[in-house]
Structure formats: C-alpha cells, structure tokens
Amino acid sequence: MCTRVYNNHSQFLSTSRNFDWPAQLPTSLFAFDKGLDKQGTKDATNNTLKWHSKFSSVVAMIGTNSDENAGEQNVGYGVCDGVNSAGLMVNVLWEGEASLPNEEALPYWIDLKRLGQYLLDMYESVIEATAFLEKNQLRIIQSIVPGSDKQARPHLSLSDSKGNSAIVEFRNQRVVCYVSSNYRIMTNEPDLPTQLNLTQAWEWQDKHFSNLDKSALLGGPSSVAHFQRATYYLAHVRAAVNMQESLAQSKGIASICAVPAGNMKADGSLGSHTVWQTIADHNTATYYFANTRAPGVVWLPLQQMITEHKFRKHTSWKLEMIVPDPSFEDGVYNPSYSGDVSALLKKTDDPFQLI
C-alpha cells in the first residue's frame with residue numbers, strides 16, 4: 001500500500017512516497033523545460049484541456065510509448081509523481097473508492113494519466129492548484145494503470161515550498177480538497193476524515209499514558225497501519241536542522257511503511273510491494289528516486305539543471321529506471337544507477353505535447 005510523507009516541521013521541506021504494486025511497472029524519469037504546449041487527451045477534441053507550461057518539472061512516469069509494443073494494455077505514459085521548479089510536488093496514489101468527475105458537460109477534458117503533469121506545469125503552490133481543482137471544471141477521463149490491466153482509482157496529494165499540503169479525493173464525481181499544513185500523511189483507502197478518526201486513540205494515549213501502558217502501533221501492511229505508523233513517527237522527529245536531515249527523516253518514515261519484494265497474500269498470490277520510492281527537496285526542487293531492486297539512489301537537481309542550461313538544445317529528457325526486457329527471468333531490467341543522473345538523460349519527445 002502506497003505511503004506519502006510531507007516533512008514540514010521546519011524551513012527544510014521534503015516529501016517522500018512509496019509506490020507499491022503487485023508487479024514491477026515500467027518506470028521512467030522525465031524532465032521538461034517550461035514553455036511547452038501540451039494537451040490533456042491523446043486525441044484532442046474541442047473540450048480537450050490545452051496549456052502552455054509555466055514551470056519546468058521532473059516526474060516519474062509509469063508505462064511506455066503508446067506506439068511501441070502495441071496491445072490492449074498499452075495506454076501510454078502516466079504521471080505518478082513529480083516536482084516542479086517552484087517546489088510544488090504531486091503524488092498520485094491508489095484509492096479504491098474514488099469516483100472521477102466524468103460528465104461530458106464539464107468544460108475541460110483531461111486524461112487521468114496527464115492530470116499530475118498539468119498541475120506541475122501550471123501552478124506554484126498548493127493554494128493555487130486546489131483553487132482550480134475545487135472549481136470542478138475538469139472532466140477527468142478514466143484510464144487503465146499503464147503497464148497493468150487495472151482501472152485506475154486515484155487520489156493525490158500536493159505539497160509545496162511554503163509548508164502547505166492538500167489531500168485531493170474524488171467523491172461522487174466531484175473533487176474534494178482537504179487543505180492544511182497538518183495533512184502530512186496519505187496512504188490508500190479509507191478517505192482522509194476516516195483515517196484521521198482512526199488515529200485519535202493512539203494520539204490520546206501518547207499524551208496520557210506511560211510507555212508501559214501504551215498499545216503497540218499497528219505493524220501490518222494495510223493502508224490504515226501505514227497511516228498510523230507514519231503519523232506517529234513524523235510527530236516524534238525533531239524539526240530538521242538542515243535539508244540532509246529532513247530528507248533522511250522523510251525517507252526513513254516512508255521506509256517504515258515499505259513492503260518487501262515478493263510479498264505474498266494468504267492465498268499464495270503475489271501481493272503489493274514497494275517497487276520504488278521518491279523524495280523531493282522542495283527548497284531546491286531536487287528529485288530523488290530509489291528503485292528497491294537497485295542498490296543506489298539517483299537524483300535530478302532541477303534548478304541546477306535549468307541554471308546550467310541542460311534544456312537549451314531540447315525541451316524533454318528521459319531516463320528509464322525499470323525497463324521491460326524479455327531476456328530477464330521476470331521480464332524486467334533494473335539498471336543500477338547512482339548519484340546525479342542529469343548527464344544520463346536522453347532527449348525524447350514529450351508524450352503529452354500539443355498535436
């Protein structure tokens with residue numbers, strides 16, 4: 001079960017998330033310059049949302065090029081996660097009770113797979129992004145999760161360089177935004193109000209009971225257990241004294257909620273496990289990526305890349321992190337990268353470019 005942690009105890013702001021899934025989905029890092037024209041659906045209609053990006057961004061996308069390996073389950077790329085040059089981060093997680101706004105009468109149409117990129121391209125803060133979302137003007141078109149056969153059931157979180165946070169849910173075909181700097185943890189279902197209620201008991205005992213009298217935190221792999229563990233540990237770390245400590249705290253708390261590869265269900269089938277983890281430094285818009293099957297952590301320093309004109313000759317860059325490859329036993333190749341990988345990015349086409 002995916003977990004997102006926003007560490008805003010101090011001026012050193014960071015967000016980490018686990019991406020959990022029963023299988024390794026193809027995953028690539030993309031970097032985009034600002035000033036790009038994009039569209040919200042692959043086949044544009046009169047209602048398709050179109051935009052000119054205001055910010056550069058780095059994102060993790062699952063899926064592959066829709067023109068390659070054609071098949072019913074190949075639906076192109078989908079943005080799971082990313083940060084823009086203003087320090088806004090988007091995390092898209094599974095939420096089984098989600099009901100997307102899908103009325104044809106809504107004025108702007110966008111594919112679910114492109115929603116995260118639109119928010120990163122156009123907004124610098126949680127307040128700006130949620131102000132738009134709460135207008136409920138988007139028809140969000142349902143999609144299969146790229147690389148799988150499952151219909152996506154999402155909710156998403158937003159965090160920014162100002163200390164703000166939001167949990168965005170889709171209820172009864174409406175967008176519902178919970179905006180507060182206190183909403184720092186997100187897992188999967190149930191909805192945020194229910195999750196908050198479930199944490200009240202341990203919060204009360206933490207204030208009133210001695211250590212000997214306290215009940216143990218839930219230790220299982222459920223989203224409720226992850227929510228409570230992450231909330232508990234985030235409440236018990238000191239305010240970070242520097243960015244290195246903030247990143248370590250965020251990564252460590254998310255890792256407490258990670259599920260090991262090969263996780264099995266009671267019936268013997270393969271359950272969800274943590275496929276990869278990301279961490280964002282909101283202060284410098286640096287994006288870290290850790291493949292759980294590779295030994296190293298990689299990062300892309302977005303603001304430094306802009307300053308050094310990494311985008312000068314091209315506008316879209318890509319590096320594959322989990323690669324479909326039938327020559328491997330499980331059909332997947334996991335490259336072993338480490339450190340700053342901006343020099344390894346390869347020029348590519350923007351999969352969401354305006355046609």
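The values are calculated or read from the model by the stated rules, or taken from the named source; none is laboratory data. This structure is a prediction, so every number in the text was calculated from the model and none was measured. Counting neighbours? That spans all protein chains shown, and the Cβs are built from the backbone with ideal geometry, glycine included.
Numbers at a glance
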| quantity | calculated |
| --- | --- |
| Test for Phe30: is it closer than 30 Å to Asn263 by Cβ and buried (at least 21 other Cβ atoms within 10 Å of the Cβ) | yes |
| Test: residue in the stretch 266-277 that is at positive phi and surrounded by fewer than 16 Cβ atoms within 10 Å (Cβ to Cβ) | yes |
| Number of positions in the stretch 184-216 that are in contact with a helix residue (DSSP H, G or I) (Cβ under 7 Å, 6 or more places away or on another chain), modelled with pLDDT of 70 or more and not in a strand (DSSP E or B) | 7 |
| Pairs with Cβ under 7 Å, 6+ apart, first in the stretch 162-174 and touching a residue at least 12 places away in the same chain (Cβ under 8 Å) and assigned to a strand (DSSP E or B), second of a type in the set (Phe, Trp, Tyr) and surrounded by 15 or more Cβ atoms within 10 Å (Cβ to Cβ) | Ser165/Tyr6; Ser165/Tyr183; Ala166/Tyr178; Ala166/Tyr183; Ile167/Tyr178; Ile167/Tyr183 |
| Failed criterion for Lys265 (all others in (1) over 17 Å from Phe19 (Cα atoms); (2) touching a helix residue (DSSP H, G or I) at 6+ places or on another chain (Cβ under 9 Å) hold) | (2) |
| Qualifying residue in the stretch 116-129 (condition: touching a helix residue (DSSP H, G or I) at 6+ places or on another chain (Cβ under 6 Å), in a loop (DSSP other than H, G, I, E, B), modelled with pLDDT of 95 or more and buried (at least 21 other Cβ atoms within 10 Å of the Cβ)) | yes |
| Where Leu100 falls short, out of the listed (1) surrounded by fewer than 24 Cβ atoms within 10 Å (Cβ to Cβ); (2) touching a His at 6+ places or on another chain (Cβ under 7 Å) | (2) |
| Cβ-Cβ under 8 Å pairs, at least 6 apart or on other chains, the stretch 143-156 side touching a residue at least 12 places away in the same chain (Cβ under 8 Å) and charged (D, E, K, R), far side outside any strand (DSSP E or B) and surrounded by fewer than 18 Cβ atoms within 10 Å (Cβ to Cβ) | Asp149/Gln73; Arg153/Gly96; Arg153/Glu97 |
| Evaluation of Ala280 against (1) in a strand (DSSP E or B); (2) over 23 Å from Asn164 (Cβ atoms); (3) of a type in the set (A, V, I, L, M) (one fails), failing number | (2) |
| Residue match in the stretch 32-45 (condition: assigned to a strand (DSSP E or B) and under 17 Å from Asn91 (Cα atoms)) | no |
| Residues within the stretch 292-314 that are part of a loop (DSSP other than H, G, I, E, B) and either at pLDDT 80 or above or under 18 Å from the mean Cα position of the chain (by Cα) (or both), tallied | 7 |
| Members of the stretch 315-329 that are farther than 23 Å from Lys38 by Cβ and either part of a strand (DSSP E or B) or in contact with a strand residue (DSSP E or B) (Cβ under 9 Å, 6 or more places away or on another chain) (or both) | Ile322, Val323, Pro324, Asp325, Ser327 |
| Criterion: under 18 Å from the mean Cα position of the chain (by Cα) and either modelled with pLDDT of 95 or more or among the polar types (S, T, N, Q) (or both) - qualifying residue of Asn74, Asn65, Asn46, Asn7 | Asn7 |
| Residues being surrounded by 14 or more Cβ atoms within 10 Å (Cβ to Cβ) and in contact with a His (Cβ under 9 Å, 6 or more places away or on another chain) - total across the stretch 307-353 | 1 |
| Residue within the stretch 50-63 that is touching a residue at least 24 places away in the same chain (Cβ under 8 Å), surrounded by fewer than 24 Cβ atoms within 10 Å (Cβ to Cβ), over 24 Å from Ser180 (Cβ atoms) and among the charged types (D, E, K, R) present | yes |
| Residue match in the stretch 139-160 (condition: crowded, with 21+ Cβ neighbours inside 10 Å, assigned to a strand (DSSP E or B) and over 18 Å from the mean Cα position of the chain (by Cα)) | yes |
| Among (1) modelled with pLDDT of 95 or more; (2) out of contact with any Gly (no Cβ under 8 Å at 6 or more places or on another chain); (3) not hydroxyl-bearing (Ser, Thr, Tyr), the one test that Leu112 misses | (2) |
| Leading residue by the ranking (farthest from the chain's Cα centre (by Cα)) among those in the stretch 237-266 that are in a loop (DSSP other than H, G, I, E, B), of a type in the set (Gly, Ala, Ser) and over 12 Å from Ser10 (Cβ atoms) | Ala266 |
